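Here is the structure we will look at.
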Amino acid sequence: MKALYPWQQIQWQALMARLHEGRLPHALLLNGPEGLGKNDFARLFGEALLCEQPDSTGMPCEACRSCKLILAGTHPDLRILSPLEDKKVIAVDQIREMTGYFSLTAQYAGYKIVIITPAERMNVNAANSLLKTLEEPAEKSLLLLVSSRTSSLPATIRSRCQKISFLVPPEDQA
């Protein structure tokens, strides 16, 4: 069973409250120092949104059709975008392909989710291309940008995302 790190509980509860109130934004910027599990958090949150039978805390069941597809790495409504294996940056073509992906309807009538990590590795053209998606989001779409160096992201990107900050936990919690 997947679990959150203890220092991620507050962020999880805040996002679950927004979800239940129908106030989940279309773009979240998960920021904080490296090594705090932001990628794990983003993936778990994406899985929870796609799960057909989440538990009372919002955690995915890992048994439904969506969870099984996620575990197999084949869920059509969840994508992870990062630099290609032989590249150092996220290129504009990757962002354009993601934009096309968001224009399609979700396969399972839920959210379409893209995790961009590390977001600060988008080149200038990719970041500019992402702006259109951030300004005109598709319905039931969610962008999760994961960054350890948010200051490296253009201000136009940062301003269009709601920030979820992760802080270094106390030593006893870590």
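The values are calculated or read from the model by the stated rules, or taken from the named source; none is laboratory data. Here the structure is a predicted model, which is why all the values come from computation and not from measurement. Cβ placement follows ideal geometry from the backbone for every residue including glycine, while neighbour counts extend to all protein chains displayed. Surface accessibility is based on the protein's heavy atoms, side chains included, excluding ligands, DNA and RNA. Shrake-Rupley method; radii C 1.70, N 1.55, O 1.52, S 1.80 Å.
Out of all the residues in the range 67-78, is one or more hydrophobic (A, V, I, L, M, F, W, C), part of a loop (DSSP other than H, G, I, E, B) and surrounded by fewer than 18 Cβ atoms within 10 Å (Cβ to Cβ)?
No, the conditions are met nowhere in the range 67-78.
From the list LEU142, LEU130, LEU134, exactly one residue is assigned to a strand (DSSP E or B) and either surrounded by 15 or more Cβ atoms within 10 Å (Cβ to Cβ) or in contact (Cβ under 8 Å) with a residue 40 or more places away in the chain (or both). Which is it?
Checking each option against the conditions leaves just LEU142.
Please find, among LEU49, LEU44, LEU29, LEU84, the residue that is outside any helix (DSSP H, G or I) and either under 15 Å from the mean Cα position of the chain (by Cα) or of a type in the set (Ser, Thr, Tyr) (or both).
None of the other options fit; the residue is LEU29.
Which of the residues belonging to the range 32-41 are open to solvent by 70 Å² or more (accessible area, probe 1.4 Å) and either in a loop (DSSP other than H, G, I, E, B) or out of contact with any strand residue (DSSP E or B) (no Cβ under 7 Å at 6 or more places or on another chain) (or both)?
Of the range 32-41, the ones open to solvent by 70 Å² or more (accessible area, probe 1.4 Å) are 34-35, 39-40.
GLU34, GLY35, ASP40, listed by residue number.
Could you check how many residues of the range 60-80 are β-branched (Val, Ile, Thr) and farther than 15 Å from ASP40 by Cα?
First, the residues of the range 60-80 that are β-branched (Val, Ile, Thr): 70, 74, 80.
From the residues that got through so far, the ones that are farther than 15 Å from ASP40 by Cα too are 74.
Residues that pass the stated criteria total 1.
Taking only pairs six or more apart or across chains, which ones have beta-carbon atoms under 6 Å, a first residue in the range 61-78 that is free of Cβ contacts under 8 Å to residues at least 12 places away in the same chain, and a second residue that is open to solvent by less than 40 Å² (accessible area, probe 1.4 Å) and in a helix (DSSP H, G or I)?
CYS61/CYS67
Kindly evaluate LEU29 against the criterion of being in contact with a strand residue (DSSP E or B) (Cβ under 9 Å, 6 or more places away or on another chain) and open to solvent by 10 Å² or more (accessible area, probe 1.4 Å).
Answer is no for this residue.
State yes or no: is LEU24 assigned to a helix (DSSP H, G or I) and not small (Gly, Ala, Ser)?
Taking the combined requirement at face value, the residue does not satisfy it.
Counting just the residues of the range 98-127 that are touching a helix residue (DSSP H, G or I) at 6+ places or on another chain (Cβ under 8 Å) and of a type in the set (Gly, Ala, Ser), which one comes out most open to solvent (accessible area, probe 1.4 Å)?
GLY110
What are the residues in the range 2-16 that are open to solvent by 40 Å² or more (accessible area, probe 1.4 Å) and either part of a helix (DSSP H, G or I) or of a type in the set (A, V, I, L, M) (or both), if any?
Scanning the range 2-16 gives ALA3, PRO6, TRP7, GLN9, ILE10, GLN13, ALA14.
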